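Beneath this line is the structure, given in structure tokens, with notes to follow.
The values are calculated or read from the model by the stated rules, or taken from the named source; none is laboratory data. Bear in mind the structure is a predicted one, so any value in this text is a computation, not a measurement. We place every Cβ from the backbone using ideal geometry, glycine too, and count neighbours over all the protein chains shown. Accessible surface is based on the protein model in full, side chains and every heavy atom, while ligands, DNA and RNA are left aside. Shrake-Rupley method; radii C 1.70, N 1.55, O 1.52, S 1.80 Å.
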Amino acid sequence: MGSGGWSRRRFVGALAGGAAAAALPACDDAPALAPTGPTASEASVSPSREARRPSGPRPLYLGTYTSVEGGGKGIGLATYDAATGRISGTGTLTGVANPSYLAIHPDRRTLYAVDERDDGAVTAVRLSDRKILGSRSTGGAGPCHLSVHPGGRWLFSANYGSGSVAVHPVDASGALGERTDLVRHSGPPPGPGQQGPHAHQVFTSPDGGHVLAVDLGTDTVYTYRLDEKAGTLAEVAQARTRPGAGPRHLTFHPGGRYAYLANEVDNTVAVCAYDPASGRVTIGEPQSTGTGPGTSYPAQFVVTPNGRHAFLANRGDNSVTRYAVEADGARLKLLDTVPVGGDFPRQIALSPEGTLLFAANQKSGTVTVFRVDEESGALRRTGEPFPSPVAVCALPL
């Protein structure tokens, strides 16, 4: 999990339970699904947009580990019903090793996956016919997160094992070019119990002006400026958590001035302020995750499109913490924790409208779906969890 290096992070709890044995059918047996739903810029949903949304099943892509016992065979292919939350498996896209995290291009024509291996790589998949467009080396070990720049021309990936961030160009077809930059987090020195840097997340700020990278090993959030012609990163700021916090994942409020940081190692969260002009992040005081006395590792925040509530996945406690967002994003108020209905929720994601919450439960090999109440943020299970081998990522479109 955080302090034992990449091998511990990857394999602790990777063995799936009995539910994970229910593998999806081969992808050749299922028709391709055309991308549907809004673009990434349409996160804030208005009633008119909602009325224009296509009906019928929507795509859901599932990440896994292919190199562990009970793991998947590739990227899981499924659909979900936006009204009921019911998931139906449609196949498996093979040929991608350890696709533990997934991201979609802004035009929704290309899917990207990390290949979380010692010789890390990123892979592009064309969704219209599910053709693999090729893989490129990330220049590091154990890439665990990736994201696409809003302009669609650059892909960022975070190498957990070697503590570095890579940049790849994206061509008009969605395919990836050779890496244009690799930035290693050489300072500050590793935090307590860490042997080196562990880049865990990299993404573009909401204003589009900066690229942020969260490093668990150095207890630091790095801010970079992207040269959009050369595809290179220049560091402009660092924000340090308290020593040993082990920051893992940062998620912005829709207003773009505040963000919420999940600290994996010390089981806390923090509200962060963001200055678009300088790119500087200011990390607030640690707050409770609301979990019980046992060991728990916060994994990931999501924020509802209306900005009223935030949810946090807790591995170990096997719960989702529900927060009310106050003061236009500047405060989090702890409301309660909700049992996730699975074991080790590695990642959570909201449907584009924010009406459904998906939890990928690594140890139980399941995906739980909750209905989200728009006013109260209350979570209600929609049915039995969906079996998915070593479920570590769910990407609903």
For the range 362-381, enumerate the residues that are of a type in the set (Val, Ile, Thr), in contact (Cβ under 8 Å) with a residue 60 or more places away in the chain and closer than 18 Å to residue 304 by Cα.
369, 372
In the range 354-390, residues that are part of a strand (DSSP E or B) and out of contact with any helix residue (DSSP H, G or I) (no Cβ under 8 Å at 6 or more places or on another chain) total 16
Checking residue 334 against (1) more than 23 Å from residue 395 (Cβ to Cβ); (2) within 19 Å of the chain's Cα centre (by Cα); (3) among the hydrophobic types (A, V, I, L, M, F, W, C): exactly one of these is not met. Which one?
(2)
Out of all the residues in the range 176-186, is one or more of a type in the set (A, V, I, L, M), within 19 Å of residue 249 (Cα to Cα) and more than 20 Å from the chain's Cα centre (by Cα)?
yes
Answer residue from the range 81-115, given it is surrounded by 20 or more Cβ atoms within 10 Å (Cβ to Cβ) and in contact with a Pro (Cβ under 6 Å, 6 or more places away or on another chain) and is farthest from residue 346 (Cα to Cα) among those
91
Please pick out the residue among 255, 231 that is surrounded by fewer than 22 Cβ atoms within 10 Å (Cβ to Cβ), farther than 26 Å from residue 345 by Cβ, at pLDDT 95 or above and within 21 Å of the chain's Cα centre (by Cα).
255
Matching strands (runs of 3 or more DSSP E) fully within the range 269-344 where at least 2 residues are modelled with pLDDT of 95 or more, in contact with a His (Cβ under 7 Å, 6 or more places away or on another chain) and surrounded by 15 or more Cβ atoms within 10 Å (Cβ to Cβ):
297-303, 319-326
Examine the range 206-221 for a residue that is farther than 17 Å from residue 246 by Cα and hydroxyl-bearing (Ser, Thr, Tyr), and state whether such a residue exists.
no
Could you say whether any residue in the range 349-361 is open to solvent by 40 Å² or more (accessible area, probe 1.4 Å) and either free of Cβ contacts under 8 Å to residues at least 12 places away in the same chain or charged (D, E, K, R) (or both)?
no
Hits in the range 272-305 (condition: in contact with a Leu (Cβ under 6 Å, 6 or more places away or on another chain) and among the hydrophobic types (A, V, I, L, M, F, W, C))
272, 301, 302
